[in-house]
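Worksheet for the structure shown next.
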Amino acid sequence: MPLLNKVRTAASGGSRGDTASLSLTRLRVALTLFFALDGFLFAGWVVRIPAIKQQTGASAGDLGLALLGVSAGAVVTMTLTGRLCRRFGSHAVTVATAVLLSLSIALPPLTRSPLALGLVLLVFGAAYGGINVAMNSAAVDLVAALRRPVMPSFHAAFSLGGMLGAGLGGLVAAGLSPTAHLLCLTAAGLVLTAAAGPVLLRHPSPAPPESLPARPTGTARSGGARSGGARNGGARNGGARGTVLVFGVIALCTAYGEGALADWGALHLAQDLHAHPGVAAAGYSLFALTMTAGRLSGTTLLERLGQTRTLVAGGLTAAAGMLLGALAPTVWAALLGFAVTGLGLANIFPVAVARAGAVAGPSGVATASTLGYGGMLLGPPSIGFLADWFSLPVALTTVAVLAAGAAAMGLATRGNRAT
């Protein structure tokens with residue numbers, strides 16, 4: 001394949017390899033911007049949920065049903081995005097869904113009832129699910145072409161975008177209406193898409209992992225990987241499928257916490273602890289900050305602790321942090337709990353997806369990613385129903401329970417190794 005030949009030339013220092021390396025660098029920068037945009041827009045929406053809840057007159061249960069629109073739209077889109085990426089390319093789908101996400105974020109503050117909110121959130125969820133699948137598909141190809149474990153950097157960009165979006169939301173929450181705020185986010189999203197989109201559209205996706213069989217760490221020889229896969233592929237199919245599902249459930253458990261905290265964290269601080277709107281918005285910003293820091297240091301952490309210890313330590317840390325965040329009697333203790341939770345959850349999702357890919361290749365990555373993002377989207381409505389039945393603090397403790405469960409599953413899978 002031409003691009004594969006360019007990557008190989010780059011390894012030997014050829015001039016064509018320099019051109020290929022520059023192209024891959026530009027793709028990485030552009031793709032990183034789209035991950036950051038996704039987090040920025042999503043955070044901008046979640047910090048205005050309390051105001052939109054009040055505007056629509058929704059109860060906690062009504063809001064949970066409306067948020068289910070995000071989940072429903074995303075699940076439907078996620079099942080179709082893979083086909084769209086195969087037909088049109090993951091780069092084109094990323095740009096198209098970024099435009100749709102930017103436009104749809106302006107719709108929620110225009111609603112005046114829970115039903116109308118749920119309907120517009122179907123569109124928002126469709127765009128959100130589509131861009132996440134498309135971006136991760138593009139990132140998988142780029143990571144394989146670079147032959148470097150840079151996947152955590154993309155997720156760090158998402159978290160950094162979330163931190164910036166939540167911080168900006170906190171600053172303008174008291175003085176700017178949700179309608180004006182989210183319209184500004186629409187404009188910002190369209191401008192960034194116009195700036196970074198042409199880079200993705202001009203360059204095709206790098207060679208897929210099947211064509212670049214080297215492991216992410218770059219230590220395995222491609223010939224050995226090929227022969228090992230050929231000898232053992234048939235015997236491993238059944239076990240690999242089950243292992244991938246386990247890693248997908250680990251991703252789901254931790255992404256559930258991220259989605260729940262994003263949508264309900266600010267409301268918990270404002271409603272249960274009577275925090276100022278700006279402080280309540282800062283809760284998710286602090287969570288995103290510690291998650292960003294954890295992901296930026298993820299490669300070093302994995303090199304020192306290994307994948308299993310990273311999974312277990314992260315899950316237990318997140319469980320302890322969320323218990324504090326949900327049950328603390330003061331705002332500042334709850335904020336500390338949110339920060340610890342972000343640090344614990346930071347690398348579990350990327351590690352789970354990477355291990356699923358090591359076991360079953362790109363199909364494993366796709367399965368684990370879909371389950372993980374499904375957890376992020378199903379968490380918020382689940383919290384809403386539990387808050388109606390019990391209370392919001394009690395509902396948020398389910399995040400701790402699932403994080404501990406992820407740690408237990410990570411420990412149970414310690415015998416599974418990439419082949």
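The values are calculated or read from the model by the stated rules, or taken from the named source; none is laboratory data. Bear in mind that the values here come from a model prediction, so they are computed numbers and not experimental data. Quick reminder, even Gly has a Cβ in these numbers, built from the backbone with ideal geometry, and neighbours come from all protein chains shown. With ligands, DNA and RNA removed, areas are computed over all heavy atoms of the protein, side chains included. Shrake-Rupley method; radii C 1.70, N 1.55, O 1.52, S 1.80 Å.
ASP263 contributes about 10 Å² of solvent-accessible surface, heavy atoms of the protein only, 1.4 Å probe. Using a probe of 1.4 Å on the protein chains alone, the accessible area found for VAL143 is around 20 Å². Over all other residues within a Cβ to Cβ distance under 15 Å of ALA166, the charged ones net out to -2, with Lys and Arg as +1 and Asp and Glu as -1. For the range 270-419, a simple Cβ point-charge model (Lys and Arg +1, Asp and Glu -1, everything else neutral) yields a dipole of about 560 debye relative to the Cα centre. Per-residue 3J(HN,Hα) values for the range 140-145, derived from phi via the Karplus relation 6.51 cos²θ - 1.76 cosθ + 1.60 with θ = phi - 60°, read 4, 5, 5, 4, 5, 5 Hz in sequence order (x marks Gly and Pro). The H on the amide N of ARG48, modeled in the peptide plane, is under 5 Å from the matching H of no residue at least 5 residues off or on a different chain. For the range 276-336, pairs of C-alpha atoms spaced more than 15 angstrom apart make up 59 percent of the total.
Express in nm, to one decimal, how much length is gained between THR25 and LEU327 on full extension, taking 0.36 nm for each residue of separation and deducting their alpha carbon distance. Computed gain between THR25 and LEU327 is 104.2 nm.
Converting phi to 3J(HN,Hα) with the Karplus coefficients 6.51, -1.76 and 1.60 and the offset θ = phi - 60°, the range 81-98 yields 5, x, 5, 5, 5, 5, 7, 10, x, 5, 5, 5, 5, 4, 5, 4, 6, 5 Hz in sequence order, with x at every glycine or proline. How much net charge surrounds GLY89 when only other residues with a Cβ under 13 Å from its Cβ are counted (Lys, Arg +1; Asp, Glu -1)? Residues near GLY89 contribute +3 overall.
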